[in-house]
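Below: one structure, written as structure tokens.
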Amino acid sequence: YLASEVLARQPTQMRDFLVQTSILDHVYGPLCDAVLLRDDSQRMLEQVARENLFVSPLDDRQGWFRYHQLFAEFLRAHLEQLYPGRAEMLHSRAATWYARNNLLADAIAHALHAGDVALAARFIEEQGRTMLMRHEVLTLEGWLRALPEEVVLNRPRLCLFTSWVLLHTSHTEPIERYLRAAEDVLGSPDVPDATDARERRGLRGEIAAIRARMAIYQDRTQHSVVLSRQALALLAEDDYYMRGEVALSLATTSLLLDELRAAEEAFREAITLSWVCGNLRAALLAVRSLANLYVTQGRLHYARKLYEESLERVSAMGQERLPPVGFLYVGLGELSYEWNDLQAAERYAREGIALGQHGGDVKIWLLGYVLLMYVSQAQGKPDQVRSLFMEAEHLVRRASFTRGQEILGEVGARLGALQDDSAPLLRWAQESGLDLAGNPDASNEDAYHLLAQALMARDELDAARALLQRLLERAHQTACHGYALVLSLSLARACESRGDSQNALLALEEALCLAMPQNYCRAFLDQGPRIASLLRTLRQAYQRGMRSPRPGVLAYLDHLLERFRHDLSNSGSPETNVSLAGRLSAREMEVLRLLAAGHSNQEIADTLIISLNSVKTHLRSIYRKLDTHNRTQAILRARSLRVL
């Protein structure tokens, strides 16, 4: 139909115009003039529009048009039939026009279509830094992959762009090859494009900066500091882009060395320098890192303010859809989750995932997935948690993101603990290789906290308590009050499990005092019924005058108990009771039924043909899962939940 009814009926001049301009995604008079070497293209386009020849105007660009996709494909096929080989020449002319009009992304695309790799390489060198600053990593990666490898390896700037792309997509192994190739070319007398001495020095500084960032990922913190200082010595004072990147690396190393004041100052410097030069990716990554520091310090409102101000800034710039903005959405979602606004948390998480996947940043969308899992868990949707976890595992494997697999291993262990399934936690602890006698630091303290929870699940309560106290001492030394809060809650559970109610309540009071100014909520709710029971015990102690609450603590405690009652009332459905029964193993159900029938521990052991110690182990597990402390409470609790 297109051949016989549309194209064949056009005059030869119009037919040639349509066929040859079909190589353009968007058509515009001056662009078509440059491609066809004529001066009446705008008149031709207006005629095409009047005759309704499968063309439509672009809403946001005056004078620009777009051919219908099917019509354009037909015209391109016809072009190859009528004028074999001409498409490359037309693409080359289009590339030149786009470059002359400072539209380098389109220029690169047409240069690649023209097969002019030298021209494409030059255009990519001019546009690559802008693409990195906007975090358009996937687009830049596509351009670089379209070039022959030898072209990339012989151009230092392209080697460095490739290294940054590999860093941002978490594929660090090949990076050193490109850095050495860049150094080899910079050391030779024949540097492409006659790079002057100042620029060579800057490129060497950038190489040192990339190696400094890699050293962080390789747990070589001190070496990263040395490389960052080398980079600063080589970089020009007005190279705000690279100096911002180096400040970000130095902030991260300061964090790992427990130099938190220096870390905060360096993050702020990275933010300032990156905003100035338009490096939105580095600016927003630094915002994310600084906000995380605030959260660790228990300054949730500071973190929210930082996220919201940054979001307002990118929105005012019209850049709110850039991929790194996903960091802001995920961060706001995490804060909303802590304040128990689950709907907002879910909305922010999905926004962050969408932006992260658009830009190819594994870290952004993985953080979003993890947040969604916790939200789904809090909403009582275990099937959705499993589905999200499996989807994240698949995407992480496809992206070959090794660190992502480690993160998901820890997340799976924590989620299992929230669901009263200690198997993933115990499996993770066995595979982690952590030395209980080791010294936790900023890079592994979360893992050691998880190890302490595994020790509690194994009833190794003295070891768990000792480890938690070491972690708490470190948290107090570094003024990480947000981290001290969650450690105090774990310590309260450990003390309560070993029958030390006095120290359990002391740890709980410390947690309440740390949490109250920032209105923490999920930190308590996620600890489950055992913390709820301790809170009730503490409330009764205050009522009876056995303890004196600090100002404001009593009202805050009542607020938390109300949130627990709300959660428990929502989970009191038959479905939840069945779920609770399912958490008790078959053997534990047998022990529970014999317990309810009035049998002693020894009688239960004789009936089930197991040892007395095994009976006691099963009972401890039953008490923990039912949030009780003795057989009478366990029987009453099981009957109220219709487990018996």
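The values are calculated or read from the model by the stated rules, or taken from the named source; none is laboratory data. Keep in mind that this is a model prediction, so the values were computed, not measured. Cβ sites come from the backbone with ideal geometry, for glycine too, and all protein chains shown count toward neighbours. Note: areas computed on protein heavy atoms with side chains; ligands, DNA, RNA excluded. Shrake-Rupley method; radii C 1.70, N 1.55, O 1.52, S 1.80 Å.
Simple point charges give the picture: +1 on the Cβ of Lys and Arg, -1 on the Cβ of Asp and Glu, and for segment 1-100 a dipole about the Cα centre of about 140 debye. Our summary gives the chain a relative contact order of 6 percent, counting only alpha carbon pairs under 8 angstrom and 6 or more residues apart. Distance between the 7 Å Cα→Cβ label points at L257 and Q502: 4.4 nm.
Considering the options A247, S92, L147, tell which one lies farthest towards the positive end of the dipole of the chain, charges being +1 on Lys and Arg and -1 on Asp and Glu at the Cβ, about the Cα centre. It is A247.
Taking the helices alone, the chain has a mean residue ellipticity at 222 nm of -23500 deg cm²/dmol, built from -39,500 (n - 2.57) per DSSP H run of at least 4 residues and averaged over all its residues. Remark on V55: its backbone amide H falls under 5 Å from those of H68, a criterion applied only to residues 5 or more positions apart or on other chains, H modelled at 1.01 Å from N. Normalised by 2.2 N^0.38 Å, where N is the number of residues, the alpha-carbon radius of gyration of segment 337-403 equals 1.09. Placing unit charges on each Cβ (+1 for Lys and Arg, -1 for Asp and Glu) gives segment 585-644 a dipole about its Cα centre, and among V591, T617, N630 the Cα reaching farthest toward its positive end belongs to N630.
Short-range pairs are left out: with C-alpha atoms under 8 Å and at least six residues apart, the relative contact order of segment 346-480 is 13 percent. About its Cα centre, the dipole of the chain is roughly 1820 debye, where the only charges are +1 on Lys and Arg Cβ and -1 on Asp and Glu Cβ.
Taking the alpha carbon gyration tensor of segment 259-328, multiplying each eigenvalue by 5 and rooting it gives semi-axes of 20, 14, 9 Å, largest first. Within a Cβ distance under 12 Å of T253, other residues only, what is the Lys/Arg minus Asp/Glu net charge? Net of charged neighbours comes to 0. FRET efficiency for the pair R544 and S443, taken as 1/(1 + (r/R0)^6) with r the Cβ-Cβ distance and R0 = 45 Å, rounds to 0.50.
The alpha carbon convex hull volume per residue for segment 466-541 rounds to 82 Å³. Shown in residue order for segment 514-529 are the 3J(HN,Hα) couplings computed by the Karplus curve 6.51 cos²θ - 1.76 cosθ + 1.60 at θ = phi - 60°: 6, 7, 4, x, 9, 6, 4, 9, 5, 4, 7, 4, 6, 6, x, x Hz (x for Gly and Pro).
Under the rule that an exposed site lies in a DSSP loop and has at most 13 other Cβ atoms within 10 Å, name the longest stretch of the chain with no GluC sites (Glu not before Pro) of that kind, not counting the sites themselves. Of all site-free stretches, the longest is 238-644.
Could you tally the net charge around S228, taking each other residue with its Cβ under 11 Å from the Cβ of S228, Lys/Arg +1 and Asp/Glu -1? Around S228, the charge tally is +3. Restricting the calculation to alpha carbons of segment 367-512 gives Rg and Dmax of 15.9, 50 angstrom.
Here the simple spin-label model places points 7 Å from the Cα toward Cβ, and for T607 and Q477 these points are separated by 5.2 nm.
At full extension, E183 and D421 could sit 80.4 nm farther apart than now, given 0.36 nm per residue minus the alpha carbon distance. Maximal additional length on extending the N630-A233 stretch stands at 136.2 nm, based on 0.36 nm per residue less the C-alpha distance.
What a 1.4 Å probe finds exposed on the chain is 49% carbon and sulfur by accessible area, rounded to a whole percent.
Look at the dipole of the chain built from charges on Cβ: of V330, L306, A344, the Cα furthest out on the positive end belongs to A344. Neighbours of L280 by Cβ distance under 10 Å: Lys/Arg scored +1, Asp/Glu scored -1, total +3.
Against the longest principal axis of the chain, how steep is helix 240-256, in degrees 0 to 90 to the nearest 10, with axes from Cα atoms? Here the helix axis deviates by roughly 20 degrees. With θ taken as phi - 60° and the Karplus curve 6.51 cos²θ - 1.76 cosθ + 1.60 applied, the whole-hertz 3J(HN,Hα) list for segment 480-486 is 8, 5, x, 6, 4, 4, 5 Hz, x standing for glycine and proline. Rg and Dmax of segment 37-126, both derived from C-alpha coordinates alone, stand at 14.6, 42 Å. The Rg/Rh ratio for segment 1-153, using Cα coordinates for both the radius of gyration and the Kirkwood hydrodynamic radius, is 1.00.
Highest-first packing order for the peptide set 168-175, 153-160, 92-99 is 153-160, 92-99, 168-175, based on the mean count of other beta carbon atoms within 10 Å. Its convex hull of Cα atoms gives the chain a direction-averaged projected area, equal to a quarter of the hull surface, of 36.7 nm². Pairs of Cα atoms nearer than 8 Å and 6+ residues apart set the relative contact order; for segment 38-116 it is 17 percent.
Fully extending the segment from E590 to D219, taken as 0.36 nm per residue of separation minus the present Cα-Cα distance, adds 128.6 nm. A Förster radius of 51 Å combined with the Cβ-Cβ distance from M14 to A316 puts the calculated FRET efficiency at roughly 0.65. A 1.4 Å probe run over segment 31-190, with the rest of the protein chains in place, finds 49 Å² accessible per residue. Remark: segment 345-407 carries 46 Å² of accessible area per residue (probe radius 1.4 Å; ligands, DNA and RNA excluded).
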